[in-house]
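Input: a single structure, listed below in structure tokens.
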Ligand SMILES: NC(=O)c1ccc[n+]([C@@H]2O[C@H](COP(=O)([O-])OP(=O)(O)OC[C@H]3O[C@@H](n4cnc5c(N)ncnc54)[C@H](O)[C@@H]3O)[C@@H](O)[C@H]2O)c1
């Protein structure tokens with residue numbers, strides 16, 4: 001059964017590791033996917049899922065700009081006629097760990113611009129596009145285990161992801177009370193080995209091997225979360241299987257936070 005047949009999904013940060021894994025999963029379940037990113041996305045990585053229907057659309061999106069979101073939704077609607085799912089996946093983490101008092105305001109503002117303003121503006125654009133759609137819609141935000149607890153030397157990132165967690169609930173509640181058939185949920189991954197994490201952990205642990213070993217040992221299951229594990233959770237929350245789930249947090253961390 002293909003849960004996303006005839007559905008269209010827009011994924012911000014779609015050129016990144018997690019964005020592509022999410023896009024591949026949705027495409028393999030039948031979705032038309034749109035990859036929005038500042039960087040150019042290699043849509044060829046989705047070929048295995050695209051036999052017989054239009055290729056994915058890769059477009060330039062700066063999530064910090066309302067006009068860029070508006071253009072992305074317009075282009076998506078022109079090409080595919082609708083948007084059923086927005087995945088607010090674009091995000092940044094500073095490469096350099098810093099003590100709280102050493103975080104520069106420019107870094108703080110950049111992290112908040114992408115991780116918080118980006119999700120806020122994307123959610124607004126999606127609600128405007130989906131609120132009158134006969135088939136409704138869904139929004140899935142990328143939080144992090146850092147949404148729940150302090151994370152080492154990542155004050156801006158953790159604070160921004162905690163905001164994403166609450167913003168998810170604000171948007172979910174508002175949409176439901178307005179009578180829109182739109183659900184808003186968040187997934188919260190532990191460490192997934194993507195360039196974002198590699199840059200940070202190799203710096204922290206000195207080598208790739210040491211970083212992977214340390215990240216794996218952080219959770220009771222003793223292995224890293226894979227981007228595909230996150231993609232499966234996004235695909236669930238965005239689908240009709242989750243039709244009564246809104247404002248929820250789905251933690252994908254191998255049990256890290258239950259310790
Ligand atoms: N990798 C992990 O361990 C992990 C854990 C928890 C949460 N997350 C979250 O998952 C999401 C994806 O992370 P990733 O690991 O794939 O990182 P990544 O660095 O591989 O991908 C992030 C993407 O966001 C894009 N981006 C950055 N600024 C942008 C902007 N202004 N407009 C549009 N696109 C922009 C980048 O170009 C990049 O392609 C992020 O929100 C991240 O915080 C990642």
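Pick from segment 145-163 the residues that are touching a residue at least 60 places away in the same chain (Cβ under 8 Å) and in a loop (DSSP other than H, G, I, E, B): which of them is nearest to residue 124 (Cα to Cα)?
148
Can you tell me which residue among 215, 242 is in the same structural domain as residue 147 (by TED's automatic domain parsing) and touching a helix residue (DSSP H, G or I) at 6+ places or on another chain (Cβ under 7 Å)? Don't jump to the end; show me each part of the working.
Values: 215 fails: in the same structural domain as residue 147 (by TED's automatic domain parsing).
Result: 242 is the single residue among 215, 242 that is in the same structural domain as residue 147 (by TED's automatic domain parsing) and touching a helix residue (DSSP H, G or I) at 6+ places or on another chain (Cβ under 7 Å).
Taking the condition of being more than 15 Å from the chain's Cα centre (by Cα) and not in a helix (DSSP H, G or I), how many residues in segment 87-124 meet it?
8
What's the number of the condition residue 150 fails, among (1) away from the ligand (no atom under 11 Å from the Cβ); (2) in contact with a helix residue (DSSP H, G or I) (Cβ under 8 Å, 6 or more places away or on another chain); (3) under 15 Å from residue 238 (Cβ atoms)?
(3)
Identify the residue in segment 240-259 that is within 15 Å of the ligand (Cβ to nearest atom) and in a helix (DSSP H, G or I) and, among all such residues, is surrounded by the fewest Cβ atoms within 10 Å (Cβ to Cβ).
Restricting to residues being within 15 Å of the ligand (Cβ to nearest atom) and in a helix (DSSP H, G or I), the top hit is 257.
Hey, among 142, 127, 201, 196, which residue is under 22 Å from the mean Cα position of the chain (by Cα), within 12 Å of the ligand (Cβ to nearest atom) and modelled with pLDDT of 95 or more?
On the way: 127 fails: within 12 Å of the ligand (Cβ to nearest atom); 201 fails: modelled with pLDDT of 95 or more; 196 fails: modelled with pLDDT of 95 or more.
Sole residue among the options that is under 22 Å from the mean Cα position of the chain (by Cα), within 12 Å of the ligand (Cβ to nearest atom) and modelled with pLDDT of 95 or more: 142.
Checking residue 135 against (1) out of contact with any helix residue (DSSP H, G or I) (no Cβ under 8 Å at 6 or more places or on another chain); (2) surrounded by 14 or more Cβ atoms within 10 Å (Cβ to Cβ); (3) in a loop (DSSP other than H, G, I, E, B), only one condition comes out false. Which one?
Residue 135 satisfies every listed condition except (2).
Of the residues 185, 166, which single one is more than 13 Å from the ligand (Cβ to nearest atom), within 15 Å of residue 88 (Cα to Cα) and either out of contact with any strand residue (DSSP E or B) (no Cβ under 6 Å at 6 or more places or on another chain) or assigned to a loop (DSSP other than H, G, I, E, B) (or both)? Spell out how you get there, then give the answer.
Values: 185 fails: either out of contact with any strand residue (DSSP E or B) (no Cβ under 6 Å at 6 or more places or on another chain) or assigned to a loop (DSSP other than H, G, I, E, B) (or both).
Just a single option satisfies the conditions, and that option is 166.
So which residues in segment 94-114 are under 30 Å from residue 235 (Cβ atoms), modelled with pLDDT of 95 or more and in contact with a helix residue (DSSP H, G or I) (Cβ under 6 Å, 6 or more places away or on another chain), if there are any at all?
Result: 111, 112.
Out of 118, 91, I need the residue that is surrounded by 23 or more Cβ atoms within 10 Å (Cβ to Cβ) and out of contact with any helix residue (DSSP H, G or I) (no Cβ under 7 Å at 6 or more places or on another chain). Which one? Quick ask: steps written out before the conclusion?
Numbers: 91 fails: out of contact with any helix residue (DSSP H, G or I) (no Cβ under 7 Å at 6 or more places or on another chain).
From the options 118, 91, the qualifying one is 118.
Go through segment 214-239 and give me each residue that's assigned to a helix (DSSP H, G or I) and surrounded by fewer than 13 Cβ atoms within 10 Å (Cβ to Cβ).
Selection gives 217 alone.
Residues are listed down the side, and each one gets a yes or a no for (1) farther than 22 Å from residue 19 by Cβ; (2) outside the structural domain of residue 41 (by TED's automatic domain parsing); (3) in contact (Cβ under 8 Å) with a residue 60 or more places away in the chain:
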position: 90; (1), (2), (3): no, no, yes
position: 93; (1), (2), (3): no, no, yes
position: 97; (1), (2), (3): yes, no, yes
position: 100; (1), (2), (3): yes, no, no
position: 108; (1), (2), (3): yes, no, no
position: 122; (1), (2), (3): no, no, yes
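Would you check which residues across segment 63-86 are within 15 Å of the ligand (Cβ to nearest atom), assigned to a loop (DSSP other than H, G, I, E, B) and surrounded by fewer than 20 Cβ atoms within 10 Å (Cβ to Cβ) and list them?
Result: 64, 65.
Looking only at segment 17-32, filter to residues that are under 14 Å from the mean Cα position of the chain (by Cα) and either surrounded by 24 or more Cβ atoms within 10 Å (Cβ to Cβ) or more than 12 Å from the ligand (Cβ to nearest atom) (or both); which one of those is nearest to residue 239 (Cα to Cα)?
26
Please go through segment 205-222 and pick out each residue that is within 13 Å of the ligand (Cβ to nearest atom) and touching a residue at least 24 places away in the same chain (Cβ under 8 Å).
215, 218, 219
The values are calculated or read from the model by the stated rules, or taken from the named source; none is laboratory data. As the structure is a prediction and not an experimental result, all values here were calculated from the model. Cβ coordinates were reconstructed from backbone atoms using ideal geometry, including for glycine residues, and neighbour counts include every protein chain displayed.
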